[in-house]
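Reviewing the structure listed below.
The values are calculated or read from the model by the stated rules, or taken from the named source; none is laboratory data. Source: prediction; values computed, not measured. In this analysis, Cβ positions are derived from the backbone assuming ideal geometry, glycine residues included, and neighbour counts consider all displayed protein chains. In case anyone asks, the SASA skips ligands and DNA or RNA and just uses the protein heavy atoms, side chains included. Shrake-Rupley method; radii C 1.70, N 1.55, O 1.52, S 1.80 Å.
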Amino acid sequence: MAEPSNSRPQVGLFVTCLVDAMRPNIGFAAVKTLEEAGADVHVPAAQTCCGQPAFNSGATDEARSIAKQVIAAFEEFDYLVAPSGSCAGSIKTHYGALFQNEPDWLARSEALAAKSYEITDFLVSVMNWRPAGVSLNGTAAYHDSCSGLRELGVKAQPRALLEDVSGLELKPLKGDEACCGFGGTFCVKFPEISGAIVQEKATRIQETGADMLLAGDLGCLMNMAGKLSRDGAPIRCFHVIEALAGMADGEGI
């Protein structure tokens with residue numbers, strides 16, 4: 001249970017499947033920044049997937065079951081925050097469609113949606129936080145993930161935060177709002193189309209001359225990082241929250 005602590009916001013961190021399994025450093029960076037911003041962070045052990053893969057694949061009953069688990073695990077907190085526009089977008093904009101015939105769960109899903117945020121949006125819009133004393137020497141291109149951009153309006157927020165990271169220069173990326181080709185199960189169902197899209201994205205990233213790629217969704221980053229690696233491009237890839245936490249080091253994703 002969340003415990004009151006000097007009126008500090010009680011934040012439930014939705015870690016996401018990919019972060020938990022593939023890049024835990026993003027989760028640690030999220031906790032670090034949220035605590036620095038003045039929140040008490042809780043990571044419910046009962047959380048699993050947000051249910052988006054099932055929902056997008058038409059497995060509505062399975063998605064509904066997963067959504068109920070998420071709602072039950074997070075509704076006690078002041079906010080749900082996720083280092084992913086994709087997962088936050090699923091919870092905030094799609095859960096309601098699952099409960100049209102279950103009024104009680106519909107009300108609970110809407111209540112959770114109203115207090116669910118992608119992490120950079122939460123840091124800027126709710127906590128009015130800026131990184132202090134964080135440095136990252138280099139140049140970076142920034143990719144806007146589809147869900148965060150189109151479902152949640154996340155674009156200016158990460159860039160505003162990165163402006164306060166000492167030593168970091170953002171390079172303009174042509175087509176920064178274009179899809180990377182991952183799209184969850186899309187890349188499995190339509191591999192040739194997905195491959196063509198990520199090839200275009202990788203080419204644009206290399207054209208910037210940046211030595212780093214930043215983005216707010218791990219799925220996008222893994223897809224682009226894989227293509228850049230196969231192309232032999234010496235570009236390190238990090239989640240934006242790793243950069244904001246001063247934890248963007250090593251080889252990256």
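Taking the Cα atoms only, what angle lies between the long axis of helix 24-37 and the longest principal axis of the chain, rounded to 10 degrees?
70 degrees
Taking Cα atoms, how many degrees apart are the long axis of helix 103-114 and the longest axis of the chain, rounded to 10 and kept between 0 and 90?
40 degrees
With +1 assigned to the C-beta of every Lys and Arg and -1 to the C-beta of every Asp and Glu, and no other charges, what is the dipole magnitude of the range 184-253 about the Cα centre in debye, to the nearest 20?
In debye, rounded to 20, the range 184-253 gives about 200.
For the chain, take the longest principal axis of its alpha carbons; what is the angle in degrees between that and the long axis of helix 218-230, to the nearest 10 within 0 to 90?
20 degrees
Run the accessible area of the chain with a 1.4 Å probe and give the carbon-and-sulfur part as a rounded percent.
About 52 percent, which is the carbon plus sulfur part of the accessible surface.
Among 178-184, 215-221, how do they line up by average Cβ neighbours within 10 Å per residue, starting with the highest? Mind dumping the intermediate values first?
On the way: 178-184: 21.0, 215-221: 27.7.
Going by the mean number of other Cβ atoms within 10 Å, highest first, we get 215-221, 178-184.
Excluding residues fewer than 8 places away in the same chain, name every one of the lysines whose C-alpha is closer than 19 Å to that of LYS201.
Correct list for LYS201: LYS155, LYS171, LYS174, LYS227.
At 1.4 Å probe size, with every protein chain present, just tell me what the per residue accessible area of the chain comes to in Å².
44 Å²
Identify, among ALA111, PRO172, PHE99, the residue whose Cα sits farthest towards the positive end of the charge dipole of the range 18-176, taking +1 on the Cβ of Lys and Arg and -1 on the Cβ of Asp and Glu, with the dipole about the Cα centre.
PRO172
Could you work out how far the C-alpha centroid of the range 154-218 sits from that of the range 107-138, in angstrom?
20 Å
Let me know the longest stretch in the chain that avoids all GluC sites (Glu not before Pro) found in a DSSP loop with at most 13 other C-beta atoms within 10 Å.
77-162
Spin-label point model (7 Å from Cα, Cβ direction): what's the GLU207 to ALA233 distance in nm?
1.1 nm
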